[in-house]
1. For the range 18-107, state the semi-axes of the equivalent ellipsoid (square roots of 5 times the eigenvalues of the alpha-carbon gyration tensor), sorted largest first and rounded to whole angstrom.
2. Pop a pseudo-label 7 angstrom from the Cα along the beta-carbon direction at both Asp236 and Glu153 and give the gap in nm to one decimal.
Amino acid sequence: MPILGFHITTVNALPEDVYDVVIDPGHGGNDVGAVSGRYMESEIALDCALELKTQLEAIGLKVLLTRDGTESEEYTMYNIYDEDGRITMANKSHAKILISLHLNSNLSDNVDGGVEIYASPNSNLTLAKMLADNIVRTAGTQYSTMETDKIEEGVYVRTIELQNYRNSSSYFKTYNGIFDSIPYLYIIREIGGIATGAYVDGTNKAYGVNEYRNSNVGVEGYLVELGYINVDEDLDNILENGNLYAQAITNSIVNFYEIK
Ligand SMILES: [Zn+2]
């Protein structure tokens with residue numbers, strides 16, 4: 001019996017380039033992400049991603065990593081729409097979902113750490129909520145107290161803010177049909193096809209072309225901010241119990257897709 005789009009029962013018979021789940025360890029190459037002392041977001045995210053890959057493979061899923069810590073990730077990282085870029089890799093994988101792993105760092109006054117799950121408003125937010133609940137319960141952390149973009153406890157949908165693309169050359173330019181209701185986080189937006197308004201079409205020469213931007217069959221993306229790297233309680237917990245965070249994500253996928 002096929003299980004809601006997963007290929008679990010035929011994993012060994014899958015074509016080489018077809019996967020069930022893509023794990024995207026945030027940042028990579030020269031981009032180390034957030035830093036706290038000697039700890040780098042890119043390395044912690046990769047460690048957690050490798051553990052998650054092991055766990056998902058143990059239940060029979062076929063898993064693709066967008067980077068693995070080797071030298072080639074420099075290319076994957078900075079040419080995201082090229083053949084071996086992380087956006088293209090995810091799009092070509094035919095995977096059901098992508099889990100992008102990050103650690104947060106920008107603290108506002110009212111945030112003292114905790115988990116945040118970012119998803120497209122068109123994604124299934126039930127899975128996003130399960131991810132948040134399971135991580136809080138299994139890894140013994142808390143829901144982030146950040147209120148911006150919060151839909152439910154632990155679940156966030158970020159949208160483009162006008163100043164993000166009007167006032168800064170470092171942000172994507174706007175194109176026809178792009179509204180401020182479209183999710184901002186690029187990995188979620190760009191892999192989600194038409195459902196998330198993937199829009200890098202080559203008009204802006206600073207970026208590549210997302211060949212899949214009009215795809216109707218994009219990968220559903222969930223970006224997990226495991227915790228805040230500059231909150232000791234979060235960092236210590238992630239370093240000591242990274243396997244529990246991975247277990248919580250694995251359990252969410254098992255429960256949501258009713259994998260037996
Ligand atoms: Zn990050």
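The numbers here are math on the coordinates, done by the rules we state, and not lab data. Note that this is a predicted model, so its numbers are computed, not measured. We place every Cβ from the backbone using ideal geometry, glycine too, and count neighbours over all the protein chains shown.
1. 22, 16, 10
2. 2.3 nm
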